[in-house]
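To start, the structure under review is shown below, and the notes come after it.
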Amino acid sequence: MKRRTLLTTALAASGAGLTLAACGAGEDPLAADPSTEDAATDALVIGSANFPENELLAEMYAQVLEASGVEVERNFGIGSREIYLRALQDGSIDLIPEYSGALLAAVSEGGVPEDVSTPEEVYEALEDALPDGLTVLEQAEAQNKDSLTVTRATAEQYGLTSIADLAPVAGQLTAGGAPEFAERYQGLVGLKEVYGVEFAGYRPLDVGGPLTVQALLDGDVQVANLFTTDSSIETNDLVVLEDPEDLFLAENVVPLISAARGNAQIAAVLNAFSETLTTEKLTEYLARVQVDKESVAEVASAYLEANPIEPAAAG
Amino acid sequence: MDPHGRTEGLTRVEDTPYLLDPARWSGPGSIPQLVLAHLGYTGLALLAGVLIAFPLGLLIGHTGRGAWLAINAGNAGRALPTLGLLMLLVTLMGLGVLPVLIALVVLVVPPILTSTYAGLRSVDRAAVDAARGMGMRPLQVLFGVEVPMALPVLFSGLRAAALQVVATATVAAAVGLGGLGRLLIDGLAVNDYGRVVAGAVVVAVLAIALDVLLALVQRAVVSPGLTGRRSRRTRGRRRPDTPAQSRLDADLA
Amino acid sequence: MIDYLRGSSGVVLDALAQHVVLAVVPLLIGALLALPVGYLGVRFPRLYQPLMGLSGIVYSIPSLAVFVTLPYLLGTRILSPVNIVVALAVYTLALMARTVADGLRSVDPALAEAATAMGYRRTRRLLEVELPLALPVVLAGARVAAVSNISLVSVGALIGVGGLGELFTRGFQLDYAEPIVTGIVLTLLLAAVADLLLVLLQRWATPWTRTAGRKG
């Protein structure tokens, strides 16, 4: 008799306690200032998008900051830009590696201004276009651009060297890539406006990942949206189509950080890191993750060992 | 840009709600096309699952051997993460419909197996004995008496499985295929909350419609003598005909 | 496989820990809320069918849709694990309200009457007689809900909060089976452990079923 009452009461009590705890945790975001929650831990939350290269960059940021004594928290694999920009703005994350041109296109209402295409121009426009509360640190030389890529066979069959060459034959071809590519200006929308390229169909696959590569190699799609640092381009002798109109702008790797959370030390460390990053190195280390299947943490620390930042900047 | 909406700051704003926009109802990637693909995955998975699990359940329920398989299949099957299985299959087999079908069939088999077994077990022994006494052969007893009497439990298992498959078939979109999951995944990718909700609504409606359909089939197929529809005299205990009850009966056995 | 486990043990363990929390908390919340809700379905018989129908509908909504929509409904941050917890608690509630109601209905009315005859009033009778007798059915429902939650948490990986599910997406993006297999195996192990713990709980909480012999 007593044991059953005890059990029922115990369940009730623990449940009530947990419910209160959960309500407590749930109420924090509804409170006025998200940063008060972080103030308790004071850790910088670093996020990443849902593809390996961004995760590698985020892990590099995390490790280089930790080495300088900054406390960080990792929150990787979030999703597309549309999602993690929301996360940045509501305080779920504080810092994320971004790509200058794509970010500029995303935050510019009415599209990117016409005369902007070089890394410097893009960066300047970006500083102006960012909403309040977000800011960028110095950008790296390394770029990873969106691209339209075809197999060598397709390139030879239709005589393709640049995206402009696609215009007359696109109606016979199917393209594939990330789901968001279909609706972005730096995607099908801009391809139609700038190049007059309209494909017969578009297959939403993954974010420049193995599904897209496989579909391209199998012929399920003839044109794929891949990232220029992707090792599969070299491995499979794929052809990246040139972009004479600069639809896919300069895409320098740049840290995007919540203005409230940035400080001189973080800026100094990340800027010093960005100075070391070139496209060749990024491609090389990314291959270790994509092809050799090494863990992101291992590859990031290998990079930082091979490319130490200036001691003065580490503070 | 997109005639259906625009980007305001960082969020996509649709001009008309997704389901009411006529352009979404025709052409490639349209809602009817997604529904058809979704029903295709669901139907094929249910068919294949029943073909595998029903005979197996009959065998186990009739002979009484291998009961541990029928009882524990339910738990193990529920524990297997379909998304993970699907991603593993695609990684090993490549892109295509087959990995999706295999993953969904793995989802369907346990509840059908468990409910077939539980249904046979729930049949009144007296009826089986009477049938044998009348001279019916074993197969005649099985299909003439046991299966018809087990139908309510069988159907509740089938309906539970159908519900699960319709909701889970949305994962096909995570590996580049079609179906209503496209609304969820693509909506998520472009931060279009309206599209995600539209996807959820259509899936829920589809699931309910399928359940109603199966309920009608159940009504037509199950003997009225079992459901006690005509006898108003008997109050109190009712036959187990909810999926929860049949699942639990099997779990507790 | 060994290389993978050695190199990524930190990631795997973090994912496992997050997974446990995200599955257990909603189970407890949902189970607790299911007690009064299931009871209402029995106390007011007209509520039973609508309650069952509603829980069926809730179960047919794909979990990913709920995870993504909740931030708008609750005002939580998009990456907050609270979204997962609330969604899974609702699923647990939907499932266990049924089993609580069915469990209470399966109690022999003669026993309830005997309790009333002994002087038990409604509440005490509920807590000390009917609920304990319904426990086998309720805990069987809890086992189903626990295993189901453990499986559903991984879907959260599609929005970046998925416990072991993150191993699935990671492996998938790299065309690498090892993380996926690790995630699946750990999920199954976790489900087996949860199931076992609940079975042990049931044995401890309902000692009379051990010696009472078989049902039917």
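The values are calculated or read from the model by the stated rules, or taken from the named source; none is laboratory data. Since we're looking at a predicted model, the values are computed, not measured. All Cβ positions, glycine included, derive from the backbone under ideal geometry; neighbour counts span all protein chains shown.
Data table
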| item | result |
| --- | --- |
| Number of positions in the range A:89-108 that are more than 13 Å from the chain's Cα centre (by Cα) and more than 16 Å from residue A:127 (Cβ to Cβ) | 6 |
| Qualifying positions in the range B:139-176 - in a helix (DSSP H, G or I), touching a residue at least 24 places away in the same chain (Cβ under 8 Å) and not aliphatic (A, V, I, L, M) | B:146, B:148, B:152, B:155, B:156, B:157, B:159, B:164, B:168, B:170 |
| Any hit, the range B:158-165, residues being closer than 30 Å to residue A:205 by Cβ, facing another protein chain (nearest Cβ under 9 Å) and modelled with pLDDT under 90 | yes |
| Count - residues of the range A:64-79 that are crowded, with 20+ Cβ neighbours inside 10 Å and assigned to a helix (DSSP H, G or I) | 2 |
| Test for residue B:98: is it within 30 Å of residue B:173 (Cα to Cα) and in contact with a Pro (Cβ under 7 Å, 6 or more places away or on another chain) | no |
| Flag for residue A:287 being within 14 Å of chain C (Cβ to nearest Cβ) and closer than 28 Å to residue B:86 by Cα | yes |
| Residue, farthest from residue A:283 (Cα to Cα), within the range A:222-242, restricted to residues that are surrounded by fewer than 21 Cβ atoms within 10 Å (Cβ to Cβ) and under 21 Å from the mean Cα position of the chain (by Cα) | A:240 |
| Verdict on residue A:256 being on the phi < 0 side of the Ramachandran plot, at pLDDT 90 or above and either in a helix (DSSP H, G or I) or within 14 Å of chain C (Cβ to nearest Cβ) (or both) | no |
| Qualifying residue in the range A:237-248 (condition: free of Cβ contacts under 8 Å to residues at least 40 places away in the same chain and not assigned by TED's automatic domain parsing to the domain that holds residue A:130) | no |
| Single match in B:121, B:132, B:182 (criterion: surrounded by fewer than 24 Cβ atoms within 10 Å (Cβ to Cβ), among the basic types (Lys, Arg) and within 29 Å of residue C:148 (Cα to Cα)) | B:121 |
| Residue check, residue A:162 closer than 26 Å to residue C:176 by Cβ and outside the structural domain of residue A:109 (by TED's automatic domain parsing) | no |
| Selection within the range C:95-151 - touching a residue at least 12 places away in the same chain (Cβ under 8 Å) and hydroxyl-bearing (Ser, Thr, Tyr) | C:99, C:106, C:148, C:151 |
| Every pair of residues 6+ apart whose Cβ atoms lie under 7 Å, when the first sits in the range A:165-183 and is assigned to a loop (DSSP other than H, G, I, E, B) while the second is among the charged types (D, E, K, R) | A:178/A:206 |
| Given (1) outside any strand (DSSP E or B); (2) closer than 18 Å to residue A:254 by Cα, number of the condition residue A:113 does not satisfy | (2) |
| Residue A:206 crowded, with 20+ Cβ neighbours inside 10 Å and acidic (Asp, Glu) | yes |
| Unique match (being facing another protein chain (nearest Cβ under 10 Å), assigned to a helix (DSSP H, G or I) and surrounded by fewer than 22 Cβ atoms within 10 Å (Cβ to Cβ)) among C:20, C:68, C:24 | C:24 |
| Test: residue A:292 is without any contact (Cβ under 8 Å) to a residue 60 or more places away in the chain, assigned by TED's automatic domain parsing to the domain that holds residue A:122, over 19 Å from the mean Cα position of the chain (by Cα) and not in a strand (DSSP E or B) | yes |
| Candidates A:55, A:82 - the one that is at pLDDT below 85 and surrounded by 12 or more Cβ atoms within 10 Å (Cβ to Cβ) | A:82 |
| Index of the failed condition, residue B:149 passing every other in (1) of a type outside the set (D, E, K, R); (2) more than 14 Å from chain A (Cβ to nearest Cβ); (3) under 16 Å from residue C:64 (Cβ atoms) | (3) |
| Residue check, residue A:120 surrounded by fewer than 20 Cβ atoms within 10 Å (Cβ to Cβ), part of a helix (DSSP H, G or I), modelled with pLDDT of 90 or more and not assigned by TED's automatic domain parsing to the domain that holds residue A:194 | yes |
| Odd one out for residue A:170, checked against (1) more than 27 Å from the chain's Cα centre (by Cα); (2) more than 23 Å from residue A:197 (Cα to Cα) | (2) |
| Selection within the range B:51-62 - over 19 Å from residue B:122 (Cβ atoms) and in contact with a helix residue (DSSP H, G or I) (Cβ under 6 Å, 6 or more places away or on another chain) | B:52 |
